[in-house]
Amino acid sequence: MENIKPEIVTSVRFLGKWLNNVAYHAAKREIKEGSPNYHEKIREQKAKVLIELESAAFAAKSGDALVAQVVTRAGRLSGMDAPSESDVFMEATMNGELKLSQAQNLIIAFSRLKSNKASENESVAQNENEGKEELDIV
């Protein structure tokens, strides 16, 4: 067991959600609305941004470098600050309470967590596609 305090996990969850949101909005700025395969292209571009953030995380040699590199890169991409709720994770990472590898794994895992809104949108799109398939069959 890693024995990571629940408040640290909750805090990194906020940071991961923000990183996922940053990646989505950065991707959306790159892809013109109405272009062919719009949603697929956004997903691909979002994945590229997340990979870039993951690379920054894995390249970090210390906890403070991890936080600085990932948050700074995401901040530049979005023009936004990290959520204040992520401060507990940042402090634990920077003061050595978390091992670097733990912090890297947490930030990467939570940055890939789909938001409820994204899940709802995908379900709606999937239902619409299934409806179209049913019409094609009939």
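The values are calculated or read from the model by the stated rules, or taken from the named source; none is laboratory data. The model shown is predicted, which means the values in this text are computed figures rather than measured ones. Glycine gets a Cβ as well: all are built from the backbone with ideal geometry, and neighbour counts include every protein chain shown. Surface accessibility is based on the protein's heavy atoms, side chains included, excluding ligands, DNA and RNA. Shrake-Rupley method; radii C 1.70, N 1.55, O 1.52, S 1.80 Å.
Things worth noting here:
- Scanning segment 8-23 for residues that are among the hydroxyl-bearing types (Ser, Thr, Tyr) and surrounded by fewer than 22 Cβ atoms within 10 Å (Cβ to Cβ) returns a single hit, 10.
- Residues that are open to solvent by 80 Å² or more (accessible area, probe 1.4 Å) and assigned to a loop (DSSP other than H, G, I, E, B), drawn from segment 24-34: 32, 33
- Residue check, residue 51 of a type outside the set (Gly, Ala, Ser) and open to solvent by less than 70 Å² (accessible area, probe 1.4 Å): no
- All of 23, 56 fail the test of being hydrophobic (A, V, I, L, M, F, W, C) and more than 22 Å from residue 92 (Cβ to Cβ), apart from 23.
- Identity of the residue in segment 65-81, open to solvent by 70 Å² or more (accessible area, probe 1.4 Å) and part of a helix (DSSP H, G or I), that ends up farthest from residue 103 (Cα to Cα): 76
- From 84, 62, residue being among the hydroxyl-bearing types (Ser, Thr, Tyr), farther than 17 Å from residue 115 by Cα and open to solvent by 70 Å² or more (accessible area, probe 1.4 Å): 84
- Taken as a whole, segment 35-48 holds no residue that is surrounded by 13 or more Cβ atoms within 10 Å (Cβ to Cβ) and either assigned to a loop (DSSP other than H, G, I, E, B) or touching a Leu at 6+ places or on another chain (Cβ under 8 Å) (or both).
- Restricting attention to segment 91-118, the residues being in a helix (DSSP H, G or I) and either open to solvent by less than 70 Å² (accessible area, probe 1.4 Å) or over 18 Å from residue 19 (Cα atoms) (or both) number 15.
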